[in-house]
Amino acid sequence: MERTAIPPRSARGLLITFEGGDGAGKTTHIRFLADHLRQHGREVVCVREPGATAVGERLREVVLDPALPELAPMTELFIYEAARAQLVHEVIAPALQRGAVVLCDRFSDSTVAYQGYGRGIALNLVRQANDLACQGVEPDRTVLMVTGAPASVGLHRATRRTGADRIEQAGEAFHERVAQGFDMLAAAHADRVRVVTSASRKSDTSRKIFAQLSDLFPWMADRQLCPDALFDALDAPREARHG
C-alpha cells in the first residue's frame, strides 16, 4: 500500500485530536480553540471522524444508521478505517504538509476504545488496521475529554440533542467498556494524551484545554493574551455570543 508522504515533525503542522465518550462536549471546544488559533495567525483545519470528505460522510451515514443493527464488529471496524484512510489522504496529510493545525474530532484512539474495548475485537488487529489507515500520521497531542460521571450521563446528553445513532444504541455496558478503554489509552500514552474533565462551566473546561496545549502554543499561558473574559464569553447565552 502506498503511504502518504509526511514531512518530519519539525517541518510540518500539528495534529491535535479530541477524544472521549458521547456527550463529552468536544465540538464546542474545538470550535472555540480553532477561532483563537486563527486569531493568532495559524491556518486551522477542523475535521470529524467518520466524515469530512465526500467518501467519509457517505460511510458515516452507513455506520451510524440505527436501521442497520446487523453490522458485524469487523465490518464496523473496516468502515471506520476506510473513512480514516480517505481523510488522511485527502485532508489531514496535505494540511500538515502546509503547516496547518488540524483539529480532529475523534481519530485512531476512538477505534481502539469503541471497536477494541467496546466490541471486543483483538487490540492487535485494531492497531494493525489503524496503522494501515493512518499512513504514518500520528497525533501530536490528544485531548481526552471526560465527564467524571457514568457513561450513561454523557450518552443521555448526546441523544437528547439528536436522537440515538447506531453506536449510541449499543447499550450502557458497551459504553462503560469504551470509557475503560479510553482510561487505558490515557495511562499507556501519558506523554501524548491529556485528560480534561468537563466542568459545569464551559469557560472552565476551555481554560483546562488551553493549559494542556500551552507547551505547543506558549501564548495560551499568557494571561494578557488569554484573559478570563476570553473564556467567560463561552458561558454567555448563544444569542449574546452571536449578537
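Taken together, the values in this text are just the output of simple stated rules run on the coordinates, not laboratory data. Owing to the predicted nature of the structure, the values given are computational and were not obtained by experimental measurement. No Cβ is skipped: glycine too gets one built from the backbone with ideal geometry, and neighbour counts run over all protein chains shown.
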Item checked: Backbone N under 15 Å from the A67 label point (7 Å along Cα→Cβ), restricted to region 162-197 -> 165-166
Margin query: Given a 10 angstrom Cα cut-off, can you work out which residue in A188, A173, A229 is the most mobile in a GNM of the chain?
Written below: A229
Check: Scanning the chain for helices, which whole DSSP H stretches are 27 Å or more long along the axis (Cα) and average 1.0 or more by Kyte-Doolittle?
Finding: none
Margin query: If you average the alpha carbon positions of region 21-36 and of region 204-231, how far apart do those two centres end up, in angstrom?
Written below: 15
Notebook entry, point to check: Distances over 21 Å make up what percent of all Cα-Cα pairs in region 172-243?
Noted result: 45
Next item on the list: For W219 paired with R58, estimate the spin-label separation in nm (one decimal), with each label point 7 Å from Cα along the Cα-to-Cβ line.
Entry: 4.0
Next item on the list: Mind checking which of M145, L185, A211 is farthest towards the positive end of the chain's charge dipole, using Cβ charges of +1 (Lys, Arg) and -1 (Asp, Glu) about the Cα centre?
Entry: A211
Next item on the list: Pop out the Kirkwood hydrodynamic radius of region 9-241 from its pairwise C-alpha distances, inverse of mean 1/r, in Å to one decimal.
Entry: 18.2
Note to self: Run lengths n ≥ 4 of DSSP H only: what is the helix-derived mean residue ellipticity at 222 nm for the chain, with -39500 (n - 2.57) per run over all residues, to the nearest 500?
What the structure shows: -13500 deg cm²/dmol
Margin query: Let's test the formula: R0 of 22 Å, r as the Cβ-Cβ distance of A199 and R98. What FRET efficiency results, to the nearest 0.05?
Written below: 0.05
Check: Top mean-square fluctuation among V44, V55, V196, Gaussian network model of the chain, C-alpha springs under 10 Å?
Finding: V55
Margin query: What does the extension gain come out to for L132 and D232, with contour length at 0.36 nm per residue minus their alpha carbon separation?
Written below: 31.8 nm
Next item on the list: Rank H40, H89, H175 by mean-square fluctuation in a GNM of the chain with C-alpha springs under 10 angstrom and give only the top-ranked residue.
Entry: H40
Notebook entry, point to check: Percent relative contact order of the chain, based on C-alpha pairs within less than 8 angstrom and at least six residues apart?
Noted result: 26
